[in-house]
Amino acid sequence: MIIPSFSSRLPGALTANRLADAVRRRRASGRDLIDLTVSNPTTAGFSYPDDVLAGLADPRNLIYEPESAGIAEAREAVAAELTRRGTPIPPTAIVLTASTSEAYGYLFKLLCDAGDEVLVPQPSYPLFEWLTRLEGVVVRPYRLEYHARWSVDASSMAAAVTGRTRAVLAVSPNNPTGSYFTRDDFARLASAAPELPLIGDEVFWDFPLPEAPDDRVSVLASGRPLVFALGGLSKSAALPQLKLGWIAIGGTEANVVAAREKLELIADTYLSVSTPVQTSAAALIAAGAVMREQILERARRNLAVLADMTGRHPALNLLRAEGGWSAVVRVPAVVQEEDLAVSLVEDEGVLVHPGYFFEFAHEAFVVVSLIARPDAFDEGVARLERRLGSPA
């Protein structure tokens, strides 16, 4: 039998890790499992407007008239939303995508040849490893350091830049650290990598927590010569299933025009955004305000519960979270993070993310979702408290 030769961009073997195996066994046994990693808002008990999907039935959706960057009314709705956030931008600087992940793919195609490099923050979301690898692009990490808050370590960024570096990724607020980019962070970035294009992932921008800094700045207002701000319905309207993302292009006029032209060519090759979601974009974006209010209320409520628990334990440290849907807790490094996470599933019936998933510089950390249903969150936190220490 002939075994096909697959791309080296893919792993040779696809096997579950220990934590995934423990989750599978726990669920198969019929015992309860509280998921404190939930990131899907559609299954987290939020109340959507009854008519949120009404626009998808518009008769216009029976006609296919594709536009490579997206239909004008949808781009106008996105531009209006960014203007609401304080970053005015013309619809001509917007390119629609089916998701933020696809947006990254477009931008890596735009900026990189095979083997080129992009700078990626650590800790951060592990999806970047695969988004880059599948495009033949190499990740070079730069560190976020924690000194009362997470901020860019300029020396690690400068050390990461090589002759093949083509862009810097800035996630604001970061997942999972919850840290926004501030004016000081952009200044550090400018000193370390002054000319490189900047890709700003701002999908969680509209979810500031109580400690969000007043000087947080969108990449569109960073003053750099070429920037791309990413967003979408997945987080801003809690509608990941409708698959609409966007790239907003900023910088000098010449750079914006040149990037837009090439992105249109890339987008025209795929034409992946559906007509119904584009004709409904304005209404869906408007409905997002209702969803953001609910999510913010819950995230702040759950963060307060977590802060109360960790405050009773001198060995536990809740790190500052400025925005987004996650919180990071430093825990005693008495066992490896993977062992701790597996034992929490097996013995306590609670699932958390271990810090190594996100490339923290050292152990030991656990990451929990702030959008879990309040009853499940409270019980999950109580089980963590039972396992991780005795009250002070």
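If the condition is being over 27 Å from A44 (Cβ atoms) and either of a type in the set (A, V, I, L, M, F, W, C) or out of contact with any Gly (no Cβ under 7 Å at 6 or more places or on another chain) (or both), then the range 273-310 contributes only T275.
Within the range 280-292, the set of residues being surrounded by fewer than 20 Cβ atoms within 10 Å (Cβ to Cβ) and more than 20 Å from the chain's Cα centre (by Cα) comprises A282, A283, A286, V290.
Each residue in the range 337-348 was checked for being open to solvent by less than 10 Å² (accessible area, probe 1.4 Å) and of a type outside the set (G, A, S), and 4 pass. Consider R373 carefully, then state whether it is open to solvent by 60 Å² or more (accessible area, probe 1.4 Å), more than 30 Å from A80 (Cβ to Cβ), at pLDDT 95 or above and touching a strand residue (DSSP E or B) at 6+ places or on another chain (Cβ under 6 Å). So R373 fails the test. For the range 50-61, taking the residues that are surrounded by 13 or more Cβ atoms within 10 Å (Cβ to Cβ) and in a loop (DSSP other than H, G, I, E, B), the one that is farthest from the chain's Cα centre (by Cα) is identified as D58. Within the range 52-65, residues that are of a type in the set (G, A, S) sit with their Cβ atoms under 9 Å from residues that are buried (at least 16 other Cβ atoms within 10 Å of the Cβ) and assigned to a loop (DSSP other than H, G, I, E, B), at 6+ positions apart or across chains, in these pairs: A54/S280; G55/S280. In the range 320-333, is there at least one residue being of a type in the set (G, A, S) and in contact with a Lys or Arg (Cβ under 9 Å, 6 or more places away or on another chain)? Yes, the range 320-333 has at least one match. Scanning the range 293-308 for residues that are surrounded by fewer than 20 Cβ atoms within 10 Å (Cβ to Cβ) and either without any contact (Cβ under 8 Å) to a residue 40 or more places away in the chain or within 18 Å of E211 (Cα to Cα) (or both) yields a total of 9. Remark: E102 matches the filter, which requires a residue to be assigned to a helix (DSSP H, G or I) and either open to solvent by less than 20 Å² (accessible area, probe 1.4 Å) or within 29 Å of A258 (Cβ to Cβ) (or both).
Within the range 76-98, take every residue that is among the hydroxyl-bearing types (S, T, Y) and surrounded by fewer than 20 Cβ atoms within 10 Å (Cβ to Cβ) and give me the one that is modelled with the highest pLDDT. Explain how you work it out, then say what you get.
First pass over the range 76-98, keeping only residues among the hydroxyl-bearing types (S, T, Y): 83, 87, 92, 97.
With surrounded by fewer than 20 Cβ atoms within 10 Å (Cβ to Cβ) added as a condition, the list becomes 83, 87, 92.
Numbers: T83: 94, T87: 93, T92: 97.
Only one residue tops the list, namely T92.
Please tell me if R31 is part of a helix (DSSP H, G or I) and either open to solvent by 80 Å² or more (accessible area, probe 1.4 Å) or more than 24 Å from A372 (Cα to Cα) (or both). In short, no. For the range 246-271, a residue qualifies if it is of a type outside the set (K, R) and buried (at least 16 other Cβ atoms within 10 Å of the Cβ), and the qualifying residues are W246, I247, A248, I249, G250, G251, N255, V256, A259, L263, I266, A267. The set of residues in the range 56-72 that are more than 15 Å from E264 (Cβ to Cβ) and in contact with a helix residue (DSSP H, G or I) (Cβ under 7 Å, 6 or more places away or on another chain) comprises L56, D58, R60, N61, Y64. Restricting the range 322-336 to residues that are touching a Gly at 6+ places or on another chain (Cβ under 8 Å) and either free of Cβ contacts under 8 Å to residues at least 60 places away in the same chain or over 15 Å from I295 (Cα atoms) (or both) leaves a set whose member that is most open to solvent (accessible area, probe 1.4 Å) is P332.
I'm checking my understanding of the structure. Among residues of the range 302-323 that are of a type in the set (D, E, K, R) and more than 21 Å from the chain's Cα centre (by Cα), which one is modelled with the lowest pLDDT? Before you say what the answer is, go through the steps one by one.
Keep residues of the range 302-323 that are of a type in the set (D, E, K, R), which gives 308, 312, 320, 322.
Now drop any that are not more than 21 Å from the chain's Cα centre (by Cα), which leaves 308, 312.
Values: D308: 96, R312: 92.
Within the range 302-323, the match that is modelled with the lowest pLDDT is R312.
Of the set (1) within 18 Å of the chain's Cα centre (by Cα); (2) open to solvent by 30 Å² or more (accessible area, probe 1.4 Å), all apply to P354 but (2).
The C-beta contact set for the range 7-34 (first residue under 30 Å from R133 (Cβ atoms), second residue open to solvent by 50 Å² or more (accessible area, probe 1.4 Å) and outside any loop (DSSP other than H, G, I, E, B), distance under 7 angstrom, 6+ apart or interchain) comprises R9/R133; A22/E346.
Please state which one of S191, S218 is modelled with pLDDT under 95 and among the hydroxyl-bearing types (S, T, Y). Break it down stepwise before answering.
Working: S218 fails: modelled with pLDDT under 95.
Selected residue: S191, the only one of S191, S218 that is modelled with pLDDT under 95 and among the hydroxyl-bearing types (S, T, Y).
The sole residue among D339, D268 that is without any contact (Cβ under 8 Å) to a residue 12 or more places away in the chain and farther than 20 Å from S369 by Cβ is D339. Of the helices (runs of 4 or more DSSP H) lying entirely inside the range 247-366, those containing at least 2 residues that are among the polar types (S, T, N, Q) span 253-270, 275-279, 281-311. Applying the set (1) assigned to a loop (DSSP other than H, G, I, E, B); (2) open to solvent by less than 60 Å² (accessible area, probe 1.4 Å) to E67 leaves exactly one unmet item: (2).
The values are calculated or read from the model by the stated rules, or taken from the named source; none is laboratory data. Quick caveat: nothing in here was measured; it's all calculated off a predicted structure. As a convention, Cβ positions derive from the backbone with ideal geometry for all residues, glycine included, and neighbour counts pool all protein chains shown. For accessibility, only protein heavy atoms count, side chains too; no ligands or nucleic acids. Shrake-Rupley method; radii C 1.70, N 1.55, O 1.52, S 1.80 Å.
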